[in-house]
Structures are given as structure tokens and as C-alpha cells.
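To start, the structure under review is shown below, and the notes come after it.
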Amino acid sequence: MRLVPVIAFFAALALILATNGRTAVAGTRNSGYYDHKVIEYVATVVTADSVQAAQQLAKGNVVYHVVDSATGKPPAIQCAANTAAFPNDATDCNVLNFIPTEVGYAGGAWNLQIFTWKPGLTPTALTKDDDILAARDAGLGTLTVTNVLVRCPVVNFANLR
């Protein structure tokens with residue numbers, strides 16, 4: 001069905017445009033998380049022909065975008081540490097599952113996957129990929145795999161060494 005590429009397009013648009021009151025423009029610094037720590041990266045979004053192609057091109061790299069079911073935007077709690085650490089950055093409050101220098105990092109691009117909190121639940125900050133997968137497995141939300149690839153060179157990860 002052609003609905004999935006349309007949803008992925010709008011998800012990518014949401015990823016690039018307004019979240020948390022700031023505008024993330026391709027090629028500008030953005031902030032997110034890796035293993036509960038805030039990182040900075042520069043994001044550019046491209047789409048693949050299919051979800052399977054995006055996953056193959058990403059080689060296991062995933063960028064998780066966490067949203068509230070009521071607003072479709074990241075919950076304030078998801079962005080709190082980003083905003084405190086990098087108040088001048090745009091932020092999508094995303095979570096990367098790999099960064100450069102980590103064993104298993106495949107480089108290049110991350111496949112965009114969107115975690116949506118279940119309606120009626122109070123969101124908490126999910127700042128590690130394991131947290132997101134555990135929340136999905138516990139039935140706290142759903143995970144949508146898209147055909148979107150995010151090329152996001154990590155530019156500030158010194159605090160992770």
C-alpha cells in the first residue's frame with residue numbers, strides 16, 4: 001500500500017521541521033541522545049525506495065524519534081536534557097543506537113524509526129535505544145519502521161569517551 005511512503009514522508013518532514021519550538025534545518029546542528037547522554041549531530045534526510053532498502057542501507061544503525069500520541073511531537077520530558085545542554089541547537093530529541101568509534105557502528109546513515117507513546121500514558125524520557133525497545137515490548141507504545149534514512153554525522157560526542 002502507498003500509505004507507508006506518505007507517512008514516512010511526513011515523519012521525515014516532522015523530523016526536519018518544528019519540534020520543541022525550534023526549527024531543525026538540514027545541515028544545522030541538532031541534538032539527541034546516545035546511551036543516556038546528550039550528543040550533537042548534523043542531520044540530512046533522504047528516503048529509500050522501501051523500508052527494506054532503508055534498513056539494508058542503514059546496516060543496523062537506527063535513529064529513534066519519540067512522539068506523544070496526542071500531539072505527534074516529542075514530549076517535553078524527552079527534550080529536557082537536550083535543551084539544557086544545547087539551548088541554541090534545533091532538537092528532535094532523537095536517540096541513536098550507534099555512534100562512531102563504537103564496535104558495530106556501520107557508518108553512513110541511520111534508519112528512522114518512530115516510537116509513539118500509547119494514548120493515556122504519561123511519557124518518560126527514553127534516552128537509550130534499549131529503553132525504547134523495552135517500552136515497546138512492555139506495550140507502552142508502538143514502533144514504526146520507515147523508509148527514511150537520516151545521515152547525521154555526530155559532531156560532538158567527546159563526553160561519551
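All of the numbers you see were taken from the coordinates with simple rules; none came from a lab. Because the structure is a prediction, the values reported are computed rather than measured. Every residue, glycine as well, gets a Cβ built from its backbone with ideal geometry; the counts of neighbours run over all protein chains shown.
How big is the antiparallel share of DSSP beta bridges in segment 52-161, given as a percent to the nearest 5?
Given both bridge residues lie in segment 52-161, the antiparallel proportion sits at roughly 60 percent.
Report the local net charge at PRO153: Lys and Arg +1, Asp and Glu -1, summed over other residues whose C-beta lies under 12 Å from its C-beta.
Cβ neighbours under 12 Å give a net charge of +1.
Using a 10 Å cut-off on Cβ atoms, rank the peptides 89-97, 63-71, 120-128 from the highest mean neighbour count down.
89-97, 63-71, 120-128
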